[in-house]
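Peer 1: First the structure, then my questions, so here it is.
The values are calculated or read from the model by the stated rules, or taken from the named source; none is laboratory data. Bear in mind that the values here come from a model prediction, so they are computed numbers and not experimental data. All Cβ positions, even for glycine, are placed from backbone atoms using ideal geometry, and neighbour counts span all protein chains on display. Please note that ligands, DNA and RNA were not included when accessible areas were found on the heavy atoms of the full protein model with its side chains. Shrake-Rupley method; radii C 1.70, N 1.55, O 1.52, S 1.80 Å.
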Amino acid sequence: MSMPDTHKQVVTTARLAGASYLTLAISGVLGFLIFHPQVFVSGDPEKTLTHLIQLPTLARMRLLCELVIIVSQALTAVWFYKLFRHLNETAAWAVGIWGMINSGVIMVSAISMGTAMELAQVATLAQADKIVLIQLLSSVSTHAWGVGGLFFGLWLLPMGYVVITSKRMPVWLGRILIMGGAGYLLSTFIQYAGINHPVSELLPLPATVGEFWMIGYLLLYGIRPANESPAPATT
């Protein structure tokens, strides 16, 4: 049985959201988890400066990943707004706006990285001055991601709410997204309260599970038709 044209369009929107979200996830893993520690060494601006000078291609790859994160995050926010606006307009606006703020936060990090790369190549600047400035720019980038955890968490809350209330996707997907969003928020507050506890590092874990589940569901299934009832939930 073929899908109605209108539902085909909604599924196309869902899969575009999934493709953008997948691009965001891949660029995030490559940039933040793989390339970043090879260039920007936490607490060691002198070594970071050495990497920026001696490994310019690697540093540029890190910056390019950051740019892909910015663009894919913005596109994901737009596609989610389009997907959710007929289900819950207020929540759709919240997902779209908070997703765009995520993109804006990472722009601050990208600007800091680009400035650090350019600064490292300035021949007229003393080594000691470079180290101080690299430390400052690295800290700005780190805290852009750190404070950005607020909006990384916030945009998952309305996303999960729409999933639960519309029943157009698995209800447990929505619940895990909300738990993940709350975990991000709590983890960020704990971090900036100066509390060092191993549990705080586990709080965003449901967000990772929920986001990859969302990506897979969007790409494989899109979204359920409006008249399709989900299977009864077991208690």
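Peer 1: Using only the alpha-carbon atoms of the chain as identical scatterers, what base-10 log of I(q)/I(0) does the Debye formula give at q = 0.10, 0.13 Å⁻¹?
Peer 2: Scattering profile of the chain, log10 relative to I(0): -0.52, -0.80.
Peer 1: At 1.4 Å probe size, with the rest of the protein present, what percent of the exposed accessible area of the stretch 67-139 is carbon and sulfur atoms?
Peer 2: 71
Peer 1: Going by alpha carbons, how many degrees (0 to 90, nearest 10) lie between the helix axis of 45-54 and the longest principal axis of the chain?
Peer 2: Roughly 90 degrees, rounded to the nearest 10.
Peer 1: What is the total of Lys pairs in the chain with C-alpha atoms under 29 Å apart, excluding same-chain pairs fewer than 8 positions apart?
Peer 2: Taking the chain as the scope, the lysine pair count is 4.
Peer 1: Then there's this: Go ahead and estimate [θ] at 222 nm for the chain from helices alone: -39,500 (n - 2.57) per DSSP H run with n ≥ 4, summed, over the residue count, rounded to 500. Let's see the in-between values first.
Peer 2: On the way: 10 runs with 181 residues, N = 235.
That calculation yields -26000 deg cm²/dmol at 222 nm.
Peer 1: What is the percent of Cα-Cα separations in the stretch 97-163 that go past 21 Å?
Peer 2: 39
Peer 1: Also: Quick check: residue separation of Asp44 and Ile190 times 0.36 nm, minus the Cα distance between them. What number comes out in nm?
Peer 2: Numbers: separation 146, 0.36 × 146 = 52.56 nm, distance 2.43 nm.
Length difference between fully extended and current span is 50.1 nm.
Peer 1: Going by average Cβ neighbours within 10 Å, how do the peptides 98-109, 81-92 rank, with the highest at the top?
Peer 2: Top to bottom by mean Cβ count within 10 Å: 98-109, 81-92.
Peer 1: Next question. Residues of the chain: accessible area per residue at 1.4 Å, in Å²?
Peer 2: 53
Peer 1: OK, next. Between Leu205 and Val29, how many nm apart are label points set 7 Å from Cα along the C-beta direction?
Peer 2: It works out to 1.8 nm between the two label points.
Peer 1: Still on this structure: What are the ³J(HN,Hα) values, in whole Hz, obtained from phi via the Karplus relation 6.51 cos²θ - 1.76 cosθ + 1.60 with θ = phi - 60°, for each residue of the stretch 11-24 in sequence order, with x given for Gly and Pro?
Peer 2: 5, 4, 4, 4, 6, 5, 4, x, 5, 5, 5, 5, 4, 4
Peer 1: Next question, about the same structure. Given Cα pairs under 8 Å that are at least 6 residues apart, what percent is the relative contact order of the stretch 155-235?
Peer 2: 31
Peer 1: Report the label-to-label distance for Arg175 and His86 in nanometres (one decimal), using points 7 Å from each Cα along the Cα→Cβ vector.
Peer 2: Roughly 2.9 nm, to one decimal.
Peer 1: How much length is gained if the chain between Leu220 and His143 is pulled fully straight, taking 0.36 nm per residue apart and subtracting their Cα-Cα distance, in nm to one decimal?
Peer 2: Numbers: separation 77, 0.36 × 77 = 27.72 nm, distance 3.54 nm.
Stretched out fully, the Leu220 to His143 stretch lengthens by 24.2 nm.
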